[in-house]
Amino acid sequence: MWSKKEQLILWITAYFPLLFLIVAGFLYENDLLPSWLQKKNVALWFAHQWTGEALFIIIVLVLSIVLYRIVIVWLLAGIEQKLLSKKVGNQYAVRHFEKLSASEYSFFLITLLLPRIALDYSSIMNVALSLLVIIFIISVYVKTDTISSCPLFFVSGRQVLKGIISEHTLEEEREHPEYRKHVICLVKEKDLDLSTSYRGQHLVSNMYMIAKENSIKYIK
């Protein structure tokens, strides 16, 4: 259901804090900001320069979380409404589920933190190189349809779980194990009920958004 456009929006938003800090850091280090935000004047506002810089980072993080929430709710709202009204999706039984391991998010965290540690952003060449690296990383994520590790899902009010789902009965699955789908489930419940049915809609790659439907008969 999601195209490359939605994935691009997700990942650009995910890297917004880093992109903003890179650009703002370049402007700050080269005194290109309004005079009251330049380094020589920051000390007048705070007892120590690092205090002002730490406050700035906190503000960026808070704004980023708000932006994350707005974007992911906007992208998912229409799908959820159609899913619950049964306009899209299919009926599935959940056969197994588990939480994603921390390693699933390691690459994103490394790419988010390493450039801030490794480079001096007073140089326009360093800034340009960092932006090119981020653009390349985002393009890889989008091209490979990799979104399960996107941090926007953390503020969506939903859980991201590894799961096995099926549209078939247990008897049919025993004869045809390939009927079972190994997927990433995006669901509101913290724990999935293996004794009930869900309605699921494919988003992209192996990710499905699923919602509990009490009115749906369980697939035995």
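The values are calculated or read from the model by the stated rules, or taken from the named source; none is laboratory data. Being a predicted model, the structure only gives us computed values, none of them experimental. Don't worry about glycine lacking a Cβ; one is built from the backbone with ideal geometry, like all the others, and counts go over all protein chains shown. For accessibility, only protein heavy atoms count, side chains too; no ligands or nucleic acids. Shrake-Rupley method; radii C 1.70, N 1.55, O 1.52, S 1.80 Å.
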- Task: May I ask which residue of Phe108, Ile184, Leu84 lies farthest towards the positive end of the charge dipole of the chain, with charges of +1 (Lys, Arg) and -1 (Asp, Glu) on Cβ and the Cα centre as origin?
- Result: Leu84
- Query: Taking the Cα centre of the chain as the origin and placing charges on Cβ (Lys, Arg +1; Asp, Glu -1), which of Thr146, Leu132, Tyr198 is farthest toward the positive end of the dipole?
  - Reply: Tyr198
- Enter the Cα centre distance for the pair segment 50-109 and segment 142-192, rounded to the nearest angstrom. 15 Å
- Query: Which value, in Å³ per residue, describes the convex hull spanned by the Cα atoms of the chain?
  - Reply: 140 Å³
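Compute the accessible area per residue over segment 85-220, keeping the other protein chains in place, probe 1.4 Å, unit Å².
Working: 7530 Å² over 136 residues.
Result: 55 Å² of accessible area for each residue.
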- Item | Once the Cα gyration tensor of segment 146-197 is diagonalised, semi-axes √(5λ) in Å | 26, 13, 6
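Is there a quick way to get the dipole size of the chain? I mean about its Cα centre, with the Cβ of Lys and Arg at +1 and of Asp and Glu at -1; what is the value in debye to the nearest 20? Working shown, then result.
Values: 23 positive and 19 negative charges, 96 e Å.
Approximately 460 debye in magnitude.
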- Message: Rounded to the nearest 10 Å², what accessible area does Asp120 have for a 1.4 Å probe in the complete protein model?
- Response: 80 Å²
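Once neighbouring chains are kept in place and the probe is 1.4 Å, which whole percent of the accessible area of the chain is contributed by carbon and sulfur?
Working: 8120 of 12540 Å².
With neighbouring chains kept in place, the figure for the chain is 65 percent.
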